[in-house]
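In what follows, a single structure is set out as structure tokens and then discussed.
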Amino acid sequence: MEGHSDSTQRPDSDNNNNNNSNNNDQRVYFVPYRWWKDAQDSMRVDSDSDSGLDSESMKGVVYSASPASSYAGPMKLINNIFSLDLVFNLRREEGSDSVHRENGEVGVSGRDYALVPGQMWVQALRWHSDSKVAMKNGKSFLASEEDNYDVYPLKLRLSVLRETNSLGVRICKKDNAGERFRRACKIFTVESELFRVWDFSGQTNLFFTNEKNKFLKDSQRQSDHDIVLDLQIYGLSDSMKCKDGKKDESVANSSSGPSLMMNGSAGNMNSNFVRASSGEAGSLGLTGLQNLGNTCFMNSSLQCLAHTPKLVDYFLGDYGREINHDNQLGMDGEIALAFGDLLRKLWAPGAAPVAPRLFKSKLARFAPQFSGYNQHDSQELLAFLLDGLHEDLNRVKCKPYIEAKDGDDRPDREVADEYWRNHLARNDSIIVDVCQGQYKSTLVCPLCRKVSVTFDPFMYLSLPLPSTTMRTMTLTLLNTNGNTAPSPYTITVPKHGKCEDLIKALGSACSLGADETLLVAEIYNNRIIRYLEESADSLSLIRDDDRLVAYRLSKDTGQVPLVVFMHQRSEEQYIHGKLTSSWKAFGIPLAARLCESVDGSDIYNLYLNLLSPFQIPAEDAIEDYDISKGTATEEVSGKEGAKSPAIGGDVSPSNVNGVDSPSDVELQFYLTDEKGIVKHSKLVMNEPVAVTGVSRLHVLVCWPETQIEHYDTGLLSSLPEVFKSGFYAKRPQESVSLYKCLEAFLQEEPLGPEDMWYCPGCKKHCQAIKKLDLWRLPEILVIHLKKFSYSRFSKNKLETYVDFPIDNFDLSPYIAQSNGMSCNRYMLYAVSNHYGSMGGGHYTAFVHHGGDQWYDFDDSHVHPISQEKIKSSAAYVLFYRRVIEV
């Protein structure tokens with residue numbers, strides 16, 4: 001049989017040169033039996049002679065599928081759970097030439113398929129194409145075949161099991177592209193429900209007759225046992241089955257003819273060309289959208305709009321007469337026409353997903369940012385589409401110029417109505433009728449207290465998540481008394497707050513005493529590169545990948561200097577074949593308060609005290625060191641008349657006290673600069689250190705390698721980032737109500753430095769105080785949850801769970817003034833979801849459709865979902881409609 005190299009093809013494609021549109025197609029098609037039989041019965045009744053189908057061709061052989069216990073092919077797959085191939089048997093039923101069942105109906109099961117030759121497929125396709133489908137409101141139109149089905153090839157390996165009068169079938173992943181193999185697994189799975197195949201092509205008969213050798217010669221012969229059968233799969237899309245592999249309970253098992261049913265089932269309806277009865281209109285609109293390559297963002301928004309009540313009625317009606325071809329801001333009606341055509345296909349009777357290629361091409365033409373096949377933001381697409389539809393369908397042909405007037409202390413209602421009339425004078429479309437509302441915007445100048453009030457329209461509300469106004473930061477707290485090890489603290493501060501907010505939050509977290517203070521510093525390359533001492537400094541100066549420490553100090557009652565210790569260790573390495581040693585910085589700088597007069601031993605003892613939390617316990621020390629002889633934290637003092645050695649000299653302080661402690665024999669202390677690079681002078685025991693007029697004293701401590709083993713340098717060097725971003729590092733799960741998000745949106749806040757307002761009173765640009773209030777609510781309220789945050793250095797997605805109402809979203813308390821609206825309560829009817837991270841996520845849509853049932857639209861897949869699963873942290877755009885009070 002003739003193979004086919006294309007993965008997909010459309011029945012009416014002008015580029016299809018394989019005789020899809022004539023009666024000479026010699027290929028074998030695998031189609032839903034119900035689809036073929038509807039056409040076959042009608043053509044036989046209407047005109048036997050014209051149909052070209054004789055009585056012999058109407059007879060078929062039926063095979064029942066069952067799990068394969070063995071396979072006679074060359075690989076001998078016997079219950080191989082590691083096999084990636086799909087294996088099953090087709091058992092030929094005795095007397096199957098008579099395919100009628102007891103009730104007189106044949107092939108009504110959703111899992112009955114037919115093998116038909118190309119001639120019969122073309123004729124059945126023509127019959128379905130010529131059939132008119134009933135549409136809502138009594139309107140009819142010819143259901144277009146374009147993009148309704150994809151025809152794709154599939155290779156099956158067959159072997160004859162003569163002892164059981166069966167065929168062994170193996171579908172190999174290597175023979176079929178990944179997407180085709182995935183579809184095949186959905187169609188041919190026998191784990192949850194068996195299926196039947198009716199062969200009208202006559203090909204399988206050849207396997208059991210004397211013509212088998214001839215067939216093997218003409219076929220692609222892969223081995224002594226395998227026969228490769230090339231099929232053309234038609235009318236069986238991903239959405240024909242529910243995700244769990246079971247037929248939906250809503251499928252009617254009626255035997256009275258074709259019926260409409262939800263897109264998630266595999267029932268009687270397998271074609272977009274089957275006639276619908278008037279009582280089945282409730283099942284319309286459950287059609288998926290094919291993913292053309294990272295177009296799930298588009299599919300999600302389209303499904304939500306395509307199930308917006310008044311938009312459905314509008315685009316199924318005569319919307320073409322309202323297209324505005326003169327609007328320079330529009331797209332000559334092309335976006336509206338493409339969307340309307342797509343919506344009609346989605347609401348046509350049928351169970352096959354639609355490929356939105358035409359709409360995608362129009363989108364790429366007028367919005368190049370959506371061209372190609374990169375992932376995009378569903379809300380950004382929604383914003384463009386709503387605006388584009390409005391301009392294409394704007395009933396205002398010539399927009400008048402209207403100058404905005406100031407309120408001049410007039411009543412808000414009067415000013416708001418004036419603004420709304422002016423808006424409608426330039427903007428009047430179905431989008432404005434359904435989706436646009438109005439809010440009150442108040443600006444107050446912080447200098448002259450000038451108040452400016454405007455009433456602006458909105459298409460949707462972009463609500464910040466309260467967590468987006470806050471920021472999570474991790475700092476490492478270092479005590480300067482030597483009692484405790486460094487402790488990381490994670491605190492929450494205002495995102496646009498100041499350093500004083502950071503100090504306050506951390507002080508509360510660590511129970512800072514009244515006589516204590518915190519000194520926050522940033523660490524880089526084992527040294528302090530800046531201190532965050534200015535309380536007015538913005539926290540935006542701190543990046544997520546910075547590393548911060550907070551030194552817990554006693555409050556400075558006088559001019560007591562701060563000593564900062566930096567560490568170096570001796571390392572040996574070979575350079576040009578010679579063993580050389582060098583000094584390398586390590587660890588977190590340690591800090592503490594000094595006394596007004598200090599000497600070398602004071603600094604030495606202070607340092608040892610700070611090291612106490614890092615000292616390795618005795619049982620973990622090296623075996624040849626007897627810890628009972630002394631400790632590294634033992635205070636030293638010079639003896640009268642004793643020679644004051646350099647701290648790093650041959651005579652150590654421990655030797656002076658008669659204790660041989662290897663942990664402090666060769667530590668060397670130097671005064672240095674703030675970077676710890678230059679060694680100014682070595683500190684000597686009992687010799688005073690000049691600290692007068694010095695706010696910070698920097699000391700470099702040089703460690704020989706023999707001393708490193710007595711301290712936990714890993715703990716000394718451990719310093720987490722302010723916030724660990726990345727694929728595997730997620731913020732803690734947060735929860736917030738939708739009402740809190742709305743309150744955050746409506747709360748008073750200063751404008752940012754980039755949004756300065758020019759005050760007409762003081763004639764200056766200023767950071768005015770802004771306050772928003774809802775004034776006029778639309779019939780359809782779209783709410784965008786701002787889960788994606790962008791900064792100069794990073795992009796993040798918030799995994800915050802927003803608890804949003806489904807049945808009773810009451811906005812009455814948030815309306816600035818009673819404006820005659822009969823009802824301010826809303827109910828949810830659609831959700832655009834985003835799963836995953838910024839880099840690679842996936843969009844789906846939840847839609848309330850008919851009665852109390854919700855459906856999950858996942859590209860081509862459509863299946864029912866319980867209301868309990870609607871709420872999730874993936875919710876991104878919410879669609880509400882006003883409740884109609886009776």
Residue-normalised accessible area of region 282-438, expressed per residue, 1.4 Å probe, Å²:
39
Would you mind classifying region 556-604 by shape? Square roots of the alpha carbon gyration tensor eigenvalues, ordered a ≥ b ≥ c; an a/c under 1.5 is rounded, otherwise it is prolate if a/b is larger than b/c and oblate if not.
prolate
Assuming R0 = 45 Å, what is the FRET efficiency of D406 and E380, from their Cβ-Cβ distance, to the nearest 0.05?
0.85
The Cα radius of gyration of region 286-435, divided by 2.2 N^0.38 Å with N its residue count, comes to 1.19
Where region 796-872 is the region considered: accessible area per residue in Å², 1.4 Å probe:
39
Most positive-pole-ward Cα, C445, M459, Y373, against dipole of region 359-465 from beta carbon charges:
Y373
Give me the extension gain from K869 to Q573: residue separation times 0.36 nm, minus the current Cα-Cα distance, reported in nm with one decimal.
100.4 nm
With all protein chains present, region 451-545 has a carbon and sulfur share of its accessible area (1.4 Å probe) in percent of 47
Can you give me the long-range amide H partners of H698? Hydrogens built in the peptide plane at 1.01 Å from N, cutoff under 5 Å, separation of 5 or more residues or another chain.
V564, T672
Want the number for Y835 to D313: 0.36 nm per residue separation, take away the alpha-carbon distance, what's left?
184.8 nm
Once both label points are put 7 Å beyond Cα along the C-beta direction, the K174-N422 separation in nm becomes 7.3
Gap separating the Cα centres of region 682-703 and region 412-490, nearest whole Å
53
Would you grab the residues whose amide H sits under 5 Å from the one on M331? Only those 5+ places off in sequence or on another chain, please, with H modelled 1.01 Å from N.
D392
Under the classification rounded if a/c is under 1.5, otherwise prolate if a/b is larger than b/c and oblate if not, where does region 506-573 fall, given a ≥ b ≥ c as square roots of the Cα gyration tensor eigenvalues?
oblate
Too long for a 19 Å Cα-Cα cut-off, among K786/K871; K724/K786; K584/K724; K360/K786, are K724/K786; K584/K724; K360/K786
Using the structure shown, list the pairs from K405/K764; K450/K764; K173/K345 with a Cα-Cα distance above 22 Å, or answer none.
K173/K345
Once you have a ≥ b ≥ c as the square roots of the Cα gyration tensor eigenvalues for region 420-500, tell me rounded if a/c is under 1.5, and otherwise prolate or oblate according to whether a/b is larger than b/c.
oblate
So what is the accessible area of region 454-555 per residue, in Å², with the probe set to 1.4 Å?
46
Amide H contacts under 5 Å for H863, placed H, 5+ residues apart
D856, D858
Calc'd 3J(HN,Hα), region 695-704, phi into Karplus 6.51 cos²θ - 1.76 cosθ + 1.60 (θ = phi - 60°), Hz, glycine/Pro = x, comes to 7, 9, 10, 9, 10, 9, 10, 9, 9, x
Rounded percent of accessible protein surface that carbon and sulfur make up, region 325-420, 1.4 Å probe
50
In order over region 575-588: 3J(HN,Hα) from phi, Karplus 6.51/-1.76/1.60, θ = phi - 60°, whole Hz, x for each Gly or Pro, gives 10, 6, x, 10, 7, 10, 10, 8, 9, 9, 5, 8, x, 8
Say each of R530 and I677 gets a label point 7 Å from the Cα, pointing the same way as Cα to Cβ; how far apart are those two points in nm?
1.9
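The values are calculated or read from the model by the stated rules, or taken from the named source; none is laboratory data. Computed from a predicted structure; not experimentally measured. Note that each Cβ is placed from the backbone with ideal geometry, even for glycine, and that neighbours are counted across all protein chains shown. For the accessible areas, the whole protein counts, side chains as well, though only heavy atoms, and no ligand, DNA or RNA atoms are used. Shrake-Rupley method; radii C 1.70, N 1.55, O 1.52, S 1.80 Å.
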